[in-house]
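Below you'll find the structure, written out as structure tokens, and then a few comments.
Derivation of every value follows stated rules applied to the coordinates shown; laboratory data play no part. Source: prediction; values computed, not measured. When we count neighbours, we look across all protein chains shown, and the Cβ atoms used for this are built from the backbone with ideal geometry, even at glycine.
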Amino acid sequence: TVAPVVAEVEEKETFDSETAGLLVKELRKSFNSGRTKSYEWRMLQLSNIARMLDEKEKDIIEALYKDLSKPELEAFISEISTAKSSCKEALEGLKQWMVPQKVKTSISTYPSSAEIVSEPLGVVLVISTWNFPFLLSIDPIIGAISAGNAVVLKPSEIAPATSSLLVQLVEEYLDSSAVKVVEGAIPETTALLEQRWDKILYTGSAKVGRIVMAAAAKHLTPVILELGGKSPAVVDSDVDLQVAVRRIIAGKWACNNGQACIGVDYIITTKDFAPKLIEALKNELEQFFGKDPMNSRDISRIVSSTQFARLVKLLEEDKVSDKIVLGGQTDENQLKIAPTILLDIPEDTQIMNEEIFGPLLPIVTVEKIEGSFDVINSRPKPLAVYVFTNNEQLKKSFVENISSGGMLINDTVLHVAVAGLPFGGVGESGMGSYHGKFSFDGFSHKKSVLYRSFSGDSTLRYPPYTPEKQKL
Ligand code: NAD
């Protein structure tokens, strides 16, 4: 049964700190009732999400088209189908995930037994972003619910159609006394961040990540920060060039037109190999998006005029605009920018120092492919590193010597689809991780429990500490 929603929250017109406080109070009441902790409640919510994903597929695709002109198939694969897998994983795994994990005890506690109990944290906050506005909202909710928490979602105001659809869907399918959506921008998020939460999962920029972490620190609230950065693709000459290039295009322009946290930000290759690589990229791009990619229906637009202006500024910077080897066309009215490749841009430019998050792809050349280690290691740790090579030694060397959130050899982006792999950044690209059981763990507290009986009570540890005891 679902408890009635506290009316006070809905009566207020503006969402301020006081309203946010009332909302948290209401959710805490639901959490403290113990309802969200039961296996049955969690399974019911998860199966409702699974049903919603089946029944509302069209609405979700429509909202994503309104927000980003995301092509239907891309929207289905990258947002709906991924959410379905995540939900299925939780439905199938939950029973096992909830089982306390037995651990060995030591002679000093004999006789005893010990276990690690996963308990829900309480009331958690999810703040999400606009590039995969559906998936990046629903996936953390799946994790929070699996772990038995009450949860508030704050979707991104920059994807308004998806944001308002999420309000409707959560109300229709989920227990509204324990799962809420608050729409809004900075004022609403600020009001939410002033509250005491038991965990915050934030997806977005490192700049706002710092604001979230500072607000969380006031209440000693733990955070998972899913941030971004400049994720490189290193292309060795020992590759199947056509396959490599297709996969790079898939991880750049066919992935929300470069507006993806794990999208390829820039390429590193050798001076000798660059002309071949560029030629292959040109050919395959034409295969993917035709001769006029500005009018292709298979490529998303730029999300907003602010993002469009930011990207145009990167492109028009001195020492950048004359380095374009493909593309460069922009259309402000349609918020479109053509797939654009740039070669050997000086390092002190803005495009080489901030996350591009759009369809511009610089290629950095080095004398030897091993030179890419210095290029990557001289920058903040990226969210993903992609390496294309048949050379086993080189693969090993990357895995051992480059630190990044994730690494993928001979492909792009697909590592997110493996539920057994934690997804998250390191250093500037974030902290903590989720996906699959890692989501459950991320939203749980691992409580240590030691069981002792009254029998076999040794006096050794009790005073008085006699000389006899000290000899032992
Ligand atoms: P953003 O940080 O501007 O916005 C994300 C969220 O923060 C939104 O919900 C927004 O309302 C809120 N927000 C914005 N400014 C705020 C403020 N001053 N105070 C409080 N809340 C505020 O991020 P963005 O530009 O929308 O997203 C782009 C970034 O997100 C890129 O760096 C990208 O790599 C990263 N990203 C990471 C992942 C991941 O899973 N690691 C996924 C997608 C995007």
Amide H to amide H, which residues 5 or more places from H445 or on other chains are under 5 Å from it, using H placed in the peptide plane? E119, L121
Net charge contributed by nearby residues that have their C-beta within less than 9 Å of L165 (K/R +1, D/E -1): -1
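Give the relative contact order (percent, whole number) for the chain; include only Cα pairs under 8 Å separated by 6+ residues.
On the way: 900 pairs, mean separation 85.7, N = 472.
Result for the chain is 18 percent.
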Computed over the stretch 416-472, the relative contact order (Cα-Cα under 8 Å, seq sep at least six) in percent reads 19 percent
Computed E for Q96/M213 - FRET, C-beta separation, R0 35 angstrom, nearest 0.05: 0.60
Residue-ordered couplings for the stretch 347-353, obtained by feeding phi - 60° into the Karplus form 6.51 cos²θ - 1.76 cosθ + 1.60 and rounding to whole Hz (Gly and Pro as x), are 5, 8, 8, 5, 4, 8, 10
Anisotropy class of the stretch 215-297 from Cα gyration tensor, a/c 1.5 cut: oblate
Name the residues whose placed amide hydrogens come within less than 5 Å of the amide hydrogen of T270, ignoring near sequence neighbours (fewer than 5 apart) on the same chain. V366
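For E40 and Y110, what does the FRET efficiency come to when R0 = 41 Å and r is the distance between their Cβ atoms, rounded to the nearest 0.05?
Efficiency for this residue pair is about 0.60.
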Rounded to two decimals, what is the ratio between the C-alpha radius of gyration of the stretch 367-472 and 2.2 N^0.38 Å? 1.90
Taking E79, E367 and counting other beta carbon atoms within 10 angstrom, the fewest-first order is E367, E79
Links that overshoot a 25 Å alpha carbon limit, given the list K58/K154; K276/K313; K381/K446; K56/K154; K84/K252: K276/K313; K381/K446
How much net charge surrounds D411 when only the other residues with a Cβ under 13 Å from the Cβ of D411 are counted, with Lys and Arg +1 and Asp and Glu -1? +3
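Does the stretch 257-310 come out rounded, prolate or oblate, given a ≥ b ≥ c as the square roots of the eigenvalues of its C-alpha gyration tensor, rounded meaning a/c under 1.5 and, failing that, prolate meaning a/b above b/c?
In terms of gyration-tensor shape, oblate.
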Evaluate the Debye formula for the chain with equal point scatterers sitting on the alpha carbons, no solvent, and hand back log10 of I(q)/I(0) at q = 0.09, 0.13, 0.14 Å⁻¹, in q order, two decimals. -0.66, -1.18, -1.31
Please list 3J(HN,Hα) in residue order for the stretch 161-170, calculated via the Karplus relation 6.51 cos²θ - 1.76 cosθ + 1.60 where θ = phi - 60°; whole Hz, with x for glycine and proline. 5, 5, 4, 6, 5, 4, 4, 4, 5, 5
Out of F388, C261, Q45 - ranked by how far each Cα lies towards the positive end of the dipole of the chain, with unit charges on the beta-carbon of charged residues - the top one is Q45
Rounded if a/c is under 1.5, else prolate if a/b is larger than b/c, else oblate: which is the stretch 293-337, with a ≥ b ≥ c the root eigenvalues of its Cα gyration tensor? oblate
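Based solely on its DSSP helices, what 222 nm [θ] is calculated for the chain when runs of n ≥ 4 H residues each add -39,500 (n - 2.57) and the sum is averaged over all residues, nearest 500 deg cm²/dmol? Provide the component values of the computation, followed by the final result.
Values: 17 runs with 183 residues, N = 472.
-11500 deg cm²/dmol, from helical runs alone.
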